[in-house]
1. For the range 44-62, state whether one or more residues are farther than 30 Å from Ala11 by Cβ, surrounded by 14 or more Cβ atoms within 10 Å (Cβ to Cβ) and in contact with a Cys (Cβ under 9 Å, 6 or more places away or on another chain).
2. For Ala11, all conditions in the list (1) among the small types (Gly, Ala, Ser); (2) over 17 Å from the mean Cα position of the chain (by Cα); (3) modelled with pLDDT of 95 or more hold save one; what is the number of the exception?
3. Which of the residues belonging to the range 94-117 are more than 16 Å from Ile48 (Cβ to Cβ), loosely packed, with under 15 Cβ neighbours inside 10 Å, out of contact with any Ser or Thr (no Cβ under 6 Å at 6 or more places or on another chain) and not hydrophobic (A, V, I, L, M, F, W, C)?
4. Specify which of the listed residues (Lys5, Lys10) is in a strand (DSSP E or B) and exposed (fewer than 11 other Cβ atoms within 10 Å of the Cβ).
5. Hey, can you tell me all the residues within the range 64-93 that are within 24 Å of the chain's Cα centre (by Cα), in a loop (DSSP other than H, G, I, E, B) and either among the polar types (S, T, N, Q) or buried (at least 16 other Cβ atoms within 10 Å of the Cβ) (or both)?
6. Do we find that Asp30 is surrounded by 12 or more Cβ atoms within 10 Å (Cβ to Cβ), assigned to a loop (DSSP other than H, G, I, E, B) and of a type in the set (Asp, Glu) in this structure?
Amino acid sequence: MSNYKEIITKAVKSKCKKRFTNNFTVTIDDEPNTILGCWIINHQFRGINNGDNVTVNGSFDINIWYSYGHNKKTGVYASTISYTNLMNCNLDMNQNDEIVVKALKQPTVSNVKIEGNNVIVDIEKELGVEVIGEQIVKIDASLDPDDYVELLDDEEIENVEAEYLD
């Protein structure tokens, strides 16, 4: 029977990413004639472990610059919008796993439409999630250290393309 040793380490257990397109309707007091600009700032988010899914709760500020009164006046509408997105990481997570959420593509406005006092804004974003937890690596301790073979030298490691490792 082989003699195994176990190394317990933290490792990335699962990765997932997802692109979201959501539309939000905001009501402006003045009836806008033209949208002059629309931008998103202050994007904040946090991932919550839901067993086999990650729930991302976040928010951002939306600013809409518009003209009204037959294009004779301008105004800016500002509001904070909250969102919840569900991401499936195809992994049975435990409560000790760490959830790391990254914005791979910050929220951006892809389309704006005026309907009376309502402005409908389409917003795109891409989120990535890494689940980090304990992993066990088994090592055959019965091997003679002379049996180990150096697979890569330092020069070969430096020449490995980063995209290959992903």
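The values are calculated or read from the model by the stated rules, or taken from the named source; none is laboratory data. All of these numbers come straight from a predicted model, not from anything done at the bench. Here Cβ is always computed from backbone atoms with ideal geometry, including for glycine, and neighbour counts include all displayed protein chains.
1. yes
2. (3)
3. Lys105, Gln106, Thr108, Ser110, Asn111, Lys113, Glu115, Gly116
4. Values: Lys10 fails: exposed (fewer than 11 other Cβ atoms within 10 Å of the Cβ).
Just one listed residue meets the conditions, Lys5.
5. Those that are within 24 Å of the chain's Cα centre (by Cα), in a loop (DSSP other than H, G, I, E, B) and either among the polar types (S, T, N, Q) or buried (at least 16 other Cβ atoms within 10 Å of the Cβ) (or both): Cys89, Asn90, Leu91, Met93.
6. Yes.
One line per residue, one yes/no per condition, for (1) among the charged types (D, E, K, R); (2) at pLDDT below 90; (3) surrounded by 10 or more Cβ atoms within 10 Å (Cβ to Cβ); (4) in contact with a strand residue (DSSP E or B) (Cβ under 8 Å, 6 or more places away or on another chain):
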{"site": "Val119", "(1), (2), (3), (4)": "no, no, yes, yes"}
{"site": "Asp122", "(1), (2), (3), (4)": "yes, no, yes, yes"}
{"site": "Glu126", "(1), (2), (3), (4)": "yes, no, yes, yes"}
{"site": "Glu134", "(1), (2), (3), (4)": "yes, yes, yes, yes"}
{"site": "Asp147", "(1), (2), (3), (4)": "yes, yes, no, no"}
{"site": "Glu150", "(1), (2), (3), (4)": "yes, yes, no, no"}
{"site": "Asp153", "(1), (2), (3), (4)": "yes, yes, no, no"}
{"site": "Ile157", "(1), (2), (3), (4)": "no, yes, no, no"}
